[in-house]
Amino acid sequence: MSNPAIRDNLPILAALERKVLWLASWMIHNANHLRENADGLKVGGHQASSASLATILTALYFDVLRPQDRVAVKPHASPIFHAIQYLLGKQTRERLETFRGYKGAQSYPSRTKDTDDVDFSTGSVGLGVAQTLFSSLTQDYVRAHGWGLDRPEGRMVALVGDAELDEGNIFEALLEGWKQGLRNCWWIIDYNRQSLDAVVREGLWARYEQLFKNFGWNVVILKYGSLQQAAFKEPGGETLRRWIDNCPNQLYSALVFAGGAAWRKRLNDEIGDQGDVSKLIDQRSDDELAALMNNLGGHDIPSVLDAFHTADPEKPTCFICYTVKGFGLPFAGHKDNHAGLMTPQQMEAFRKANNVRPDHEWDKFEGLTLPAKELQSFLDRVPFAAAGPRRLSAPALDVPDTLSVAIQPVMSTQTGFGAILNEIGRGKNEFAHHIVTTSPDVTVSTNLGPWVNRRGLFARQAMADTFKSEHIPSTFNWEFSPNGQHIELGIAEMNLFILLSALGLSHSINGERLLPIGTLYDPFIARGLDALNYACYQDARFMLVATPSGITLAGEGGAHQSIAEPLIGMAQDGLASFEPAYVDELSVIMAWAFSYLQKDADAAPSERTWLRDETGGSVYLRLSTRPIEQISREMTPDLRQQIVDGAYWQRRPGPNCQVVVAYTGAMAPEAIEAVGLMAEDRRDVGLLAITSADRLNAGWTAAQRARERGLVHARSQIERLLADVPMHCGIVTVLDGHPATLAWLGAVAGHRTRALGVEHFGQTGSLAELYRHYGIDTNAIIAAAQAIAPGRPIRHLKALP
Ligand SMILES: Cc1ncc(C[n+]2csc(CCOP(=O)(O)OP(=O)(O)O)c2C)c(N)n1
Ligand SMILES: [Mg+2]
């Protein structure tokens, strides 16, 4: 141990480690709602999983970390994390007492639901790990653009379960990190060699070591603790080391569980006749022998501190820390311990071992031999907590009220998106400067090319476009520089969403606000869906732009047709989804979105729409590659508002209206044509343009809830729109996506409804062929109208295929 100041702190850190383990165990024991198994025993507190990180987290939070460092703590180490924050004065006793309960400390660290300074949520394994990597890249991006240079650089740290490394998204991130010159990133692997179900394969550490080295990481292996290192120097020590090295994981775990006498018997049986080592074993009591054998690197504060204090910030570092799952607890090492809880008897024994008196369980220094004053004075000086709140903020950026775009007579929303960004790209203003775009190898095919031509690609080190320097003509002029505003990703949608999560939290992590836009093909949202959910759960703010979508991509490939995404857009918490038909609608929605991304007021829902617009969130735009005839119209404030609210009457239904066609997105031409063809045989047909099924539905649900609570006048946008539609009128809904997206419209005011959409996919063909095949063409709309709306036969209806 090189640093004397650290050496002096060792007794205090050891005491805190014990205290943290006690508090975490008590918190779990105390949680009165843990489920009971068939034998009436409570399970599921993850005591074992927590305990294996007690030492490392103690060393990190009480010594190594600085306020600017950001951490993703393995989900099941949540109790240890909360206990540490409690000792640091950042967590309340009440929340620990209600751990896992209503508004108590969360089962897995949560940056939105917990109140004790969680940097990155975890829970779905693998995602928090990758988030640290992308947060480090984001920090580099922010600093390369000249922002936040008055603050020290932080290290992005992940506490990783060894089984967590089975998640593929981690390796996708590793490759991207290598490409982008990752630094300031630590992944600390809790190598307890146990997962939920099993003991991991032998020699996994060697695979990890090779893997990380291949990706340019430093690898530090913490295998033996200082007790073991000292013992290896005794006569016979080398024999003991060899035995440890050759011991299979399963056996080591089993002996940890069985304890000192079992260790003695096994060691004596296997190496007891090999000279000096017998003495090494014999001169230790059972307890001392167990302490020696349990003293793996990850449970040895001096080794852990040494490793952390000597890491090179310029290289990402992976620490492989040998640990024991359930360290210090009665089920340490047992392969079934994942959901294990101590019995009341075991808890009582643990209380006694920790000198904790009944009714003093939550006292911070209860049972510790060091004076409380000394401990408190140490806690008051802990660097991590010294600077006060670590969560940063950034003021909202001014965004334009309207976004200009030259609208061609026939245009797709995807082309419109490219054109709008191209216009923004001309701007020399803070708004344009804070936009950052990214795409998993579909930059050109999602129409970001013109924007990238203007704003360049980001890299910490400049790199010229060789085609340009060789004077070879190309549509794209792509130079990498630290000023670039587009981050080019490899084809991994998980990486896209986790990068958006990191960029979209920059205001809170780096104190500098970014306006991130990610583009991808609509069907591949499913590929990264859990990461999208994770980003939203953390309240990251970004704009997701997805094209092509639906069966409308036609000949481009049956495999790429997306069906479920409109429903995902509706169901995903924290994501407002839109599917405009026209470019003027898109421009209105994007202008609104740039401001919505930045809202974070803790406000009540709007009394006009019952939407929580002041709370803000992320935005998903489902766009299309289908060029459609644009409407030349004045964008009045009222129309603008209704487009954002989710729907407007493109053709208002008359008083005797028999049919309403409600459409979304690229189906506009079919809907318009059907309305025209029905006009001779159905009176006053209405045409409802739906720009956001998600917002319409959310507003409707919220307004109903408000009425149920006594606010009798609450009305949502869709209720207002349908209020004057006569009861006998039928509604035909149509979209290029799952019909359930709009099928609920009939429930708003009780209109008979037929929902058209796409339920199967995979067929290629022309647009006309596919719309007919899947039953969303003009004729299908007319047939549906005839079936549900009163009136004489519709002349233009042809037989269905
Ligand atoms: C994506 C995902 N799949 C499954 C789970 C359920 N799960 C929680 S912890 C765990 C095993 C974790 O093992 P490890 O990472 O080694 O941590 P340890 O329990 O050893 O501390 C599993 C499968 C999850 N949380 N997330
Ligand atoms: Mg494990």
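The values are calculated or read from the model by the stated rules, or taken from the named source; none is laboratory data. In this text, all values refer to a predicted model and were calculated from it rather than measured experimentally. Cβ coordinates were reconstructed from backbone atoms using ideal geometry, including for glycine residues, and neighbour counts include every protein chain displayed. The protein model used for the area step is the full one, side chains on, heavy atoms only, and it has no ligands, DNA or RNA in it. Shrake-Rupley method; radii C 1.70, N 1.55, O 1.52, S 1.80 Å.
Table for the structure above
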{"item": "Accessible-area composition of the stretch 66-186, carbon plus sulfur, in percent [1.4 Å probe]", "result": "49"}
{"item": "Tilt relative to the chain, helix 583-596 - C-alpha long axis, 0 to 90 degrees, to 10", "result": "30"}
{"item": "Cβ crowding within 10 Å averaged over residues, with 96-103, 685-692 ranked highest first", "result": "685-692, 96-103"}
{"item": "On Cα atoms only, tilt of 344-353 relative to the major axis of the chain in degrees", "result": "50"}
{"item": "For the stretch 422-507: accessible area per residue (Å², 1.4 Å)", "result": "42"}
{"item": "With every protein chain in place, the stretch 352-397: carbon and sulfur % of accessible area (1.4 Å)", "result": "55"}
{"item": "Contour excess over end-to-end distance, with Cα ends at E234 and H309 and 0.36 nm allotted per residue", "result": "24.2 nm"}
{"item": "Rounded Å value of the spacing that divides the Cα centres of the stretch 696-753 and the stretch 251-266", "result": "66"}
{"item": "Charge dipole (the chain, unit charges on Cβ, about Cα centre) - positive-most of A258, Q572, A459", "result": "Q572"}
{"item": "Derived scalar couplings ³J(HN,Hα) [the stretch 407-415; Karplus, 6.51 cos²θ - 1.76 cosθ + 1.60; whole Hz; x for Gly, Pro]", "result": "8, 7, x, 10, 7, 9, 5, 5, 4"}
{"item": "Dipole of the chain [Lys/Arg +1, Asp/Glu -1 at C-beta], most positive-end residue of P605, V442, G646", "result": "P605"}
{"item": "In Å, descending, principal axis extents of the Cα set of the chain", "result": "103, 70, 49"}
{"item": "Size of charge dipole - the stretch 208-328 - debye, nearest 20, with Cβ of Lys, Arg +1 and Asp, Glu -1, no other charges", "result": "240"}
{"item": "For the stretch 537-550, Karplus couplings with θ = phi - 60° (6.51, -1.76, 1.60), whole Hz, Gly/Pro x", "result": "4, 7, 6, 6, 10, 7, 10, 10, 10, 10, 8, x, 9, x"}
{"item": "Residues with amide H under 5 Å from that of G686, placed H, sequence gap 5 or more", "result": "V659, V660, V661"}
{"item": "Residue-normalised accessible area of the stretch 550-649, given per residue in Å² at a 1.4 Å probe", "result": "36"}
{"item": "Heavy atoms of L211 accessible to a 1.4 Å probe, total area in Å² rounded to 10", "result": "50"}
{"item": "Protection proxy ranking, peptides 346-356, 445-455, average beta carbon neighbours within 10 Å, highest first", "result": "445-455, 346-356"}
{"item": "Burial order of peptide ranges 9-20, 789-800 (average beta-carbon count within 10 Å, highest first)", "result": "9-20, 789-800"}
{"item": "List F761, F62, ordered by accessible area with a 1.4 Å probe, largest first", "result": "F761, F62"}
{"item": "Theoretical ellipticity at 222 nm over the chain - DSSP helices of four or more residues, -39500 (n - 2.57) apiece, nearest 500", "result": "-11500 deg cm²/dmol"}
{"item": "For the stretch 610-685, the spread of Cα positions along each principal axis, largest first, Å", "result": "46, 32, 21"}
{"item": "Relative contact order (%) - criterion: Cα under 8 Å, at least six apart; region: the chain", "result": "11"}
{"item": "Cross-link partners of K113 among aspartates and glutamates (Cα-Cα below 12 Å; sequence separation of 8 or more within a chain)", "result": "D539"}
{"item": "The chain - charge dipole about Cα centre, Lys and Arg +1 at Cβ, Asp and Glu -1, debye rounded to 20", "result": "920"}
{"item": "Extension gain (nm, one decimal) between I491 and A601, 0.36 nm per residue minus Cα-Cα", "result": "36.0 nm"}
{"item": "Antiparallel %, DSSP beta bridges [both residues in the chain], to 5", "result": "15"}
{"item": "Distance histogram in 5 Å bins (all Cα pairs of the stretch 265-322, percent per bin)", "result": "4, 15, 19, 15, 12, 12, 10, 7, 5, 1"}
{"item": "Of all accessible heavy-atom area on the stretch 515-648, the percent that carbon and sulfur account for (1.4 Å)", "result": "49"}
{"item": "Listed residue pairs exceeding 25 Å between alpha carbons, taken from K19/K265; K179/K213; K213/K335; K74/K233", "result": "K19/K265; K213/K335; K74/K233"}
{"item": "Cut-off under 5 Å, modelled amide H: who pairs with Y620 long-range", "result": "L544, A576, S577, F578"}
{"item": "³J(HN,Hα) computed for each position of the stretch 278-286 - Karplus, 6.51 cos²θ - 1.76 cosθ + 1.60, integer Hz, glycine/proline x", "result": "4, 5, 4, 6, 4, 6, 10, 6, 4"}
{"item": "Area of E314 that stays accessible when all protein chains are in place (1.4 Å probe, Å², to 10)", "result": "100"}
{"item": "Interchain or long-range residues, amide H under 5 Å from L489's placed H", "result": "S439, D441"}
{"item": "Solvent-accessible surface (1.4 angstrom probe) belonging to D8, in square angstrom, nearest 10", "result": "110"}
{"item": "Accessible area of the stretch 119-171 divided out per residue, in Å², using a probe of 1.4 angstrom", "result": "25"}
